1. What list of ³J(HN,Hα) couplings, whole Hz, do you get for segment A:15-24 from phi and the Karplus terms 6.51, -1.76, 1.60, once you set θ to phi - 60° and write x for glycine and proline?
2. So in the protein assembly as shown, which Cys have no other cysteine's beta-carbon sitting under 4.7 angstrom from theirs?
3. Quick one: order B:Thr26, A:Thr109 by neighbouring beta-carbon count within 10 Å, fewest to most.
4. By the scheme Lys and Arg +1, Asp and Glu -1, what is the net charge of all other residues having a beta-carbon under 13 Å from that of B:Val109?
5. In whole angstrom, how long is each semi-axis of the equivalent ellipsoid of chain A, when you take the square root of 5 times every eigenvalue of its Cα gyration tensor and sort them from largest down?
6. Could you please rank B:Tyr34, B:Tyr86, placing first whichever residue has the fewest other Cβ atoms within 10 Å of its Cβ?
7. If the reach is capped at under 26 angstrom between alpha carbons, list the lysines near B:Lys69, excluding any in the same chain fewer than eight residues apart.
8. Straight-line reach only, C-alpha to C-alpha below 16 angstrom: list the lysines that A:Lys66 could link to, leaving out same-chain residues fewer than 8 apart.
Amino acid sequence: GAVVSQHPSWVICKSGTSVKIECRSLDFQATTMFWYRQFPKQSLMLMATSNEGSKATYEQGVEKDKFLINHASLTVSTLTVTSAHPEDSSFYICSARGPGDTQYFGPGTRLTVL
Amino acid sequence: DAKTTQPPSMDCAEGRAANLPCNHSTISGNEYVYWYRQIHSQGPQYIIHGLKNNETNEMASLIITEDRKSSTLILPHATLRDTAVYYCIVRPPSGNTPLVFGKGTRLSVIA
């Protein structure tokens, strides 16, 4: 149990385009989900906290207009990287608050912006 | 800032126990100790967590000192597939509080 999926697992896009990443809790409902990103050889950095039915809370330095988060259902949160640029290339990972208040992570999405 | 201190790297022989230490000297009374690991290019995997008692599950054991200022994650019989970065994280009980990752310990299991 407590499985979180992400789609796509990898994506390559051109600079200036937008990319949507979906995070889904498969066997539990998640009122709270989190988005992280990870640059090579670095640790995970929290980007935002997403609560179902309300606006996301962004960490300092994360542009909310660039990284749009939608959490419209109890099992799905989406992250849209708008007008992506090469510096947005990273490994994006979501997690969901699951049973026992433990956070369970998705497998990650590798974004490459050309 | 992360509230834990871990050695940057460790080696362990395959089949032996891997003991990964973590210092969390400023832990608050209601904060739990969580351990996750991240295998290369994957999302973090939950391992175990505890408050003050020692815990064991099918993956590992967690030993927390009586003063709760440090803990040790024990993988009883390490395999090559246990090679990963291991993160020790302290967090209050609220599930709405996100996990804050430090640099972790890179464990290399050697054949």
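Where a number appears in this text, it was derived from the coordinates with a stated rule and is not lab data. All values reported here derive from a predicted model rather than from experimental measurement. Note that we place each Cβ from the backbone using ideal geometry, even for glycine, and neighbour counts take in every protein chain shown.
1. Result, rounded to whole Hz: 4, x, 8, 10, 10, 10, 10, 10, 10, 9.
2. Singleton cysteines: A:Cys13, B:Cys12.
3. Placing the least packed residue first, the sequence is B:Thr26, A:Thr109.
4. +1
5. Working: eigenvalues 100, 41, 33 Å².
In descending order the semi-axes read 22, 14, 13 Å.
6. Numbers: B:Tyr34 20, B:Tyr86 23.
Fewest-to-most Cβ neighbours within 10 Å comes out as B:Tyr34, B:Tyr86.
7. In chain and number order, the partners are B:Lys3, B:Lys52, B:Lys103.
8. Counting by Cα, and skipping residues close in sequence, A:Lys66 has these lysines nearby: A:Lys14, A:Lys20, A:Lys55.
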